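What follows draws every value from the coordinates through simple rules; no lab data is involved. Bear in mind the structure is a predicted one, so any value in this text is a computation, not a measurement. Cβ atoms come from the backbone with ideal geometry, glycine included; neighbour counts cover every protein chain shown.
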Amino acid sequence: MTMRRRSVLAAGAAGAAAVLTGGTSAAAATRTPATPDRRRLASAVAGSAWPGGSASLRSLADKVGLRIGSALYPEDISTASHSAIASGQFDVYTPANEMKWEVVEPEQGTFDWTGADNLVNYAKAHGAVVRGHCLCWHSQLPAWLTTDVANGKYTQAQLLDLLEQHIFTEMGRYRGKIWQWDVCNEFLTDTSPSGVDPNNWWIVNAGPEVITKAFQWAHEADPFALLFYNDYNNAGEDGTNAKFRACAALAESLQKNAHIDGIGIQGHLDTQYGWSPEQMREDIESYAAMGLKVAVTEADVRTFVNNSADQVPTDSLAQFAQPFEYQEMLKAALAVPECISFTVWGFTDENSWVPGSFKGEGYACLYDVNLRPKAAYSAFQSDLALAAFGAPQRVAGR
Ligand code: XIL
């Protein structure tokens, strides 16, 4: 296991070094290793020598019509230092939690729209748009709902009614104000072959029609919003393409029986595993060939760190592999014009979900725990600046 991790990191670092020097990995591999010019490398990584200069990510991405986004936590809006980055660098925002059912309806029939309203208003004030996230997911459901269902209070039909009501209430409140909605989230198994998980909370309790119905209701509730199915590992991130195939099959059935506009690729990567950027690009192309739009919705690249407060990678090669994997994801997105937005799941390690969810890991964002831009940020700047010279213009999002 340790060997595998090391070799993947080494491959990432070789690639990253090749990008920095303009050479190829193959050339880098045959050359006698020279003493690295640390000062030159450091200044390149710091961004000063990169074509992006001091331009913001959103202004650079705008040149090819790509929206670049971040998930936002409440403090990203309310704290001046966070807000300067959120509004300065990004032009599409996803509420990290504030539109989830457990937050908006903590007691049955009692609603709290504070966080969601704040985010929608913040987007408007800063010339940005919103990705709504998410209407139908097995996680972060209100306790009153899961308890009642566990106690057998509702028939399948009654539970479907509650979901319908939830979708109409939430989408109705923000009708015309949300660019993309994640209607269903994470319904596919992690097995090969993959498919809709028969043990998914919604499938078990509301029946297999729930996904189709959710998309039908969502289209009725807000015909202006682009409707997405969102999942992880649905573009080869796990090294297999099983979930991509299942996701494409699900989308095809939704195109026939309901309404779907796009696929959300979460894009949570980890430097300890290998993955294929070519596979991701091919999968994005395949979704596009089906007439679907694509959004990278929750990108981050985590690695093992010393502790969750400082988040210094324990393997120095990870400092190269991390930005390299970010870049490869961005390039896969830039290559396909139907990919209309690229969102990171939080912009700073300070409030990233990673240390709380993956033991011993962190360093997953573009900015460090002190809100300083990291190598991945500079890499994004330079890639987006270069994209203006050749990446295709995005297809129009509605
Ligand atoms: C995460 C949030 O970032 C955390 O704050 C929360 O505690 C759990 O959920 N996939 C998703 C997101 O679709 O909604 C999750 O967000 C991360 C994984």
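I'd like the orientation of helix 210-221 relative to the chain: the angle between its Cα long axis and the longest Cα principal axis, in ° from 0 to 90, rounded to 10.
That helix lies at roughly 90 degrees to the long axis.
Give me the one-decimal nm value for the distance between modelled label points at Phe224 and Asn121, 7 Å along each residue's Cα-to-Cβ direction.
1.9
Please work out how much length the chain gains when fully extended from Ala309 to Leu371, using 0.36 nm per residue of separation minus the C-alpha to C-alpha distance, in nm with one decimal.
21.0 nm
Hey, fewest Cβ within 10 Å first, where do Met171, Met290 land in order?
Taking fewest neighbouring Cβ atoms as first place, the list is Met290, Met171.
7 Å from Cα along Cα→Cβ at both Ser253 and Arg175: what's the point-to-point distance in nm?
3.0
What list of ³J(HN,Hα) values in whole Hz, one per residue of the range 360-368 in order, does the Karplus curve 6.51 cos²θ - 1.76 cosθ + 1.60 (θ = phi - 60°) give from phi, with Gly and Pro shown as x?
Each residue's phi maps through the Karplus curve to give x, 10, x, 6, 8, 9, 7, 10, 7 Hz.
So how strong a dipole does the chain carry about its Cα centre when Lys and Arg Cβ are +1 and Asp and Glu Cβ are -1, to the nearest 20 debye?
Here the chain has a charge dipole of around 1280 debye.
Taking only DSSP H segments of four or more residues, each worth -39500 (n - 2.57), what value at 222 nm results for the chain once the sum is divided by all its residues, to the nearest 500 deg cm²/dmol?
Values: 17 runs with 180 residues, N = 398.
Calculated mean residue ellipticity at 222 nm is -13500 deg cm²/dmol.
Roughly how tilted is helix 277-289, in degrees to the nearest 10 and between 0 and 90, from the longest Cα axis of the chain?
In the chain, helix 277-289 runs at an angle near 40 degrees to the longest axis.
Sum up the charges of everything whose Cβ sits under 9 Å from the Cβ of Ile178, counting Lys and Arg as +1 and Asp and Glu as -1, but leave Ile178 out.
On the way: positive: Arg131, Arg175, Lys177; negative: Asp222.
Counting the neighbours of Ile178, the net charge comes to +2.
From the phi angles alone, apply the Karplus equation (6.51, -1.76, 1.60; θ = phi - 60°) to the range 243-260 and give each ³J(HN,Hα) in whole Hz, x where the residue is Gly or Pro.
These are the phi-based 3J(HN,Hα) values: 6, 4, 5, 5, 5, 5, 5, 4, 4, 4, 5, 6, 5, 6, 9, 8, 9, 9 Hz.
If amide H atoms are built 1.01 Å from N in the plane of the peptide, which residues on other chains or at least 5 residues away come under 5 Å of the amide H of Val294?
Ile263, Cys339, Ile340
Could you give the length gained by full extension between Val395 and Asp112, i.e. 0.36 nm per residue of separation minus their alpha carbon distance, to one decimal place?
98.3 nm
Dividing the alpha-carbon Rg of the chain by 2.2 N^0.38 Å yields what?
0.98
Label Ser192 and Gln165 with points 7 Å out from Cα along Cα→Cβ: what is the distance between them in nm?
About 4.4 nm, to one decimal.
Provide Tyr326, Tyr73 in ascending order of the number of other Cβ atoms located within 10 Å of each residue's Cβ, fewest first. List each step's numbers first, then the result.
Numbers: Tyr326 26, Tyr73 23.
The fewest-first ordering by Cβ neighbours comes to Tyr73, Tyr326.
Calculated FRET efficiency, Leu386 and Glu75, Cβ-Cβ r, R0 35 Å, to nearest 0.05?
0.60
Working out 0.36 nm times the residue gap between Ala150 and Lys63, then minus their Cα-Cα distance, what length gain in nm do you get to one decimal?
Stretched out fully, the Ala150 to Lys63 stretch lengthens by 26.2 nm.
If you line up the long axis of helix 80-89 against the longest principal axis of the chain, both from Cα atoms, how many degrees apart are they, to the nearest 10?
80
Taking the Cα centre of each part, how many Å lie between the range 72-141 and the range 158-217?
Here the answer is 19 Å between Cα centres.
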